[in-house]
Each structure stands twice: as structure tokens, then as C-alpha cells.
Amino acid sequence: MLASRHPAAMPDPGLKAALELNGPEACLAYYRDWAARYDGGFAETMDYRLPAHVAAAYMSTGAQGPVLDVGAGTGLLAQSLREMGFAGEIDAADFSAEMLERAAGKGLYTHLAQADITRPLALPRRYAGLVSSGTFTAGHVGPEALPSLLDVALPGAQFALSVNRRVWTAQGFDRAFDALAAQGRITALQIIEVQVYGPAATTLDPDHAADRAQVVLFRAA
């Protein structure tokens, strides 16, 4: 879902601090406080469009479910998938119990799991699709999580993951995807560059308004 523009809104001060997080304990503490105002204070005022871009990319592949929404947060990506007509089963995984609690209230998911995706996941290998929006960015998760995601994907599973341009080369995502392809673990690698925020962000937060992300499409081998 594209967040509506609110002309009188002020930028949520949480974004800058969120992008400067360092370590899992800092992330847990920060999202514990940010969860309550995430949808209205951040996504709405900043016209946060990345979840919709990832959902559209996934839908364009014709892939079905069950889908795992990785770093699901409050459910904005799953909400976009539903609004675009996706009727399959969607599960959620997120590090923050408070964010998952917000997502649970929207009735979008079949199962919800609190999980650290940088470690092996205690989830069944049953997913025909994996999607993620906003998780692979500064202060959050690096490419070390990709093998854990592949471990719960069925052969041929479709992935649609966003990676912020600020960390694409700085954290080695480009090299990680090339390595996975060379190892034969992924196929059909495709990269689509998108704008993270809509016009509202231009005056609200000029430091991040022009942020772009790579939506990375590929299939598990």
C-alpha cells in the first residue's frame, strides 16, 4: 500500500536513528519503542513506497505461496500483496516482537515468528516465495542472512528482496549475490532500482528523500 501524503505532517525522528543502529540489542530496543508510531509516524508521513515496489515486483513474476515475509515489521509489504490480489498464504518473520504484534492485528498472516534471520531459522523448508522490504539497509541486516533464507526456500522459490543503495556495495551485497549465483544456489538474478519514498519526503527529510533501493529478484536453485 502506498502511504497517503499528509501535508501537515512532520518527519518521524526515528528514521535517522534507525539507520544508525549497531547490533541486535540496539535493534530490539529501538523497534520496541518505534513500533507504535511506525505506520503513521514514519510510513505515512514519508510516503514510504518500498513495500509496494517489492510487492509489485513479486506479483510480476506470477509466483504463488506460501510466502515468507522477512523482516515483516508491521505488515506493510503483506498489505500491499493483498491489495494487489495475492491470495496465497503469507507468514511473517521479524526480530521485533512489538512490530509483529502490530502486524498480527491486521489479520494478514497465517503464522508469525520472532526470529533473527542472521542465524539458522527454526522454520520449515516450505516456502515457494520469500519477500522483504526495508530489512537490508543501513544499521540492520547484511548479506550474511541470505544463506539462512535459502535454507527455508523450496527449490525454485521466487525471491523479491529490497536492498538499500547506500549499502549495496558498501556491505558487499553485489558480491554476495554474484557468489551465490556462481555457487549455483540462485538463478534468474534480476535487479530493479526503485525510489524508496514518494514526493512527501522531499520537504520532510531531504537527507533521505532521494534514497533508492535495489529490488533483487531471483529463484532458489
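The values are calculated or read from the model by the stated rules, or taken from the named source; none is laboratory data. Keep in mind that this is a model prediction, so the values were computed, not measured. FYI the Cβ positions are ideal-geometry reconstructions off the backbone, even for glycines, and counts take in every protein chain you see.
Counting only residues that are polar (S, T, N, Q) and more than 18 Å from residue 130 (Cβ to Cβ), which one in region 188-221 is modelled with the highest pLDDT? Write out each step before concluding.
Filtering region 188-221 down to residues polar (S, T, N, Q) leaves 190, 195, 202-203, 214.
Retained after the next criterion (residues that are more than 18 Å from residue 130 (Cβ to Cβ)): 195, 202-203.
Working: 195: 96, 202: 81, 203: 77.
The qualifying residue modelled with the highest pLDDT is 195.
Among the criteria (1) at pLDDT 90 or above; (2) touching a Ser or Thr at 6+ places or on another chain (Cβ under 8 Å), the one residue 58 does not fulfil is (2). Checking each residue in region 77-103 for being touching a Leu at 6+ places or on another chain (Cβ under 9 Å) and at pLDDT 95 or above picks out 77, 78, 79, 80, 81, 82, 88, 90, 91, 92, 93.
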